[in-house]
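Q: Take a look at the following structure, please.
Taken together, the values in this text are just the output of simple stated rules run on the coordinates, not laboratory data. Given the structure is predicted, the values throughout are model-derived calculations rather than measurements. Here the Cβ positions follow ideal geometry from the backbone for every residue, glycine too, while neighbour counts run over all protein chains shown.
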Ligand SMILES: *Cc1c(COP(=O)(O)O)cnc(C)c1O
């Protein structure tokens, strides 16, 4: 798929997402490969420490109070967090229908049940009124998702959690770096916060994630369960200067550790994350300005002045005016694709997927805001490797798709 330039040359397809891997990341990976230690070891630990230092960079937080646990995916981190909180059969966990299935599937891993609620159409984040109304005596935890990189109102979440005595596990897969009231996501008073370093996220380790908690007991349990239920780290076992072959299995754990190869990428990606955010913000601002006259609902901005949006996603929705003009989501997607622009839809809501729909007998009418958003939304390419010309190209293609 490509577009004709006036001189007859084809422009290459612009992918929906591309990672930004620099020479420092590559050198660090090579160094890891040459070191003789490729699985979880010194670099994974260094990455955890660097992540804690990054979050604590506001100067008001003690990095030592933040337990950062590197895992091989955010899905793993969410699973470990809920497991450590003791979620199990008979329990309910509430989250948004407008998310990736990973947020909800981990609840099912543990035999607990998921209660899905609708979104607030103003933010595309979980509707906090619907969230509170969905709490029952069985509810053990709530899982806010900072959709696209826009913070959920963490003051409201914490107030609800305190009032009803439920745990909070934040799905922060999109939210590095995002702030709520000037404080980074990761530093709010939740039981656990989980970031993703999947290939298309705001920083990547190929596959990877970070579980953050201030709860020492939760951290200890998650570390044991991260590696087979062994009561000590493999790295300690193999590098100790005294004989240390002995270990004990204290639980049927998982295999969720992050390799040093992946952590090598993370160490350098993390150093660049604030710069990445500035670049993403710049593209988002260019889109906002260029689309202001189009029949589109542009992505919501942070409600508090000065708060950061991570801009993992730039999601436009067709306005009523666009629908009245006969513009459709699928038509826009086809038009963009014909112009060589990769796009996506975030998300096909969970209530429409056969597993979730059938297990809980879900109907679209129960989730009118998510349903409407889904039917009208397109995610545009937004990533640091996009050039100004790439951004221009997306802008021109979107304007054309809207008949301008
Ligand atoms: C990407 C993503 C995840 C899962 O992250 P992995 O690191 O791929 O496991 C979870 N929740 C949301 C909202 C995501 O976008």
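Q: Might you check whether a residue that is assigned to a helix (DSSP H, G or I), within 12 Å of the ligand (Cβ to nearest atom) and within 15 Å of residue 313 (Cα to Cα) occurs anywhere in region 136-147?
A: First, the residues of region 136-147 that are assigned to a helix (DSSP H, G or I): 147.
Then keep just the ones that are within 12 Å of the ligand (Cβ to nearest atom); that gives 147.
Now restrict to residues that are within 15 Å of residue 313 (Cα to Cα): 147.
Yes, there is a match, as at least one residue in region 136-147 is assigned to a helix (DSSP H, G or I), within 12 Å of the ligand (Cβ to nearest atom) and within 15 Å of residue 313 (Cα to Cα).
Q: With the requirement that a residue be in contact with a helix residue (DSSP H, G or I) (Cβ under 6 Å, 6 or more places away or on another chain) and part of a strand (DSSP E or B), what does region 191-212 give you?
A: 192, 194, 196, 209, 210, 211
Q: Which one is surrounded by the most Cβ atoms within 10 Å (Cβ to Cβ) among residues in region 153-176 that are within 12 Å of the ligand (Cβ to nearest atom) and not in a loop (DSSP other than H, G, I, E, B)?
A: Checked region 153-176; the qualifying residue surrounded by the most Cβ atoms within 10 Å (Cβ to Cβ) is 171.
Residue-by-condition table, conditions (1) within 16 Å of the ligand (Cβ to nearest atom); (2) surrounded by fewer than 19 Cβ atoms within 10 Å (Cβ to Cβ); (3) more than 21 Å from the chain's Cα centre (by Cα); (4) within 22 Å of residue 174 (Cα to Cα):
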position: 20; (1), (2), (3), (4): no, yes, no, yes
position: 28; (1), (2), (3), (4): no, no, yes, no
position: 55; (1), (2), (3), (4): no, no, no, yes
position: 65; (1), (2), (3), (4): no, yes, yes, no
position: 71; (1), (2), (3), (4): yes, no, no, yes
position: 84; (1), (2), (3), (4): no, no, no, no
position: 93; (1), (2), (3), (4): yes, no, no, yes
position: 106; (1), (2), (3), (4): yes, no, no, yes
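Yes or no, residue by residue, for (1) in a loop (DSSP other than H, G, I, E, B); (2) under 25 Å from the mean Cα position of the chain (by Cα); (3) within 16 Å of the ligand (Cβ to nearest atom); (4) under 18 Å from residue 148 (Cβ atoms):
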residue	(1), (2), (3), (4)
305	yes, yes, no, no
312	yes, yes, yes, yes
317	no, yes, no, yes
322	no, no, no, no
326	yes, no, no, no
331	no, no, no, no
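Q: From the set of residues in region 207-221 that are surrounded by 22 or more Cβ atoms within 10 Å (Cβ to Cβ) and within 16 Å of the ligand (Cβ to nearest atom), which is farthest from residue 78 (Cα to Cα)?
A: 208
Q: Also, I was wondering about something else. Within region 190-201, how many residues are within 14 Å of residue 171 (Cα to Cα) and either within 13 Å of the ligand (Cβ to nearest atom) or surrounded by fewer than 24 Cβ atoms within 10 Å (Cβ to Cβ) (or both)?
A: Here the count works out to 8.
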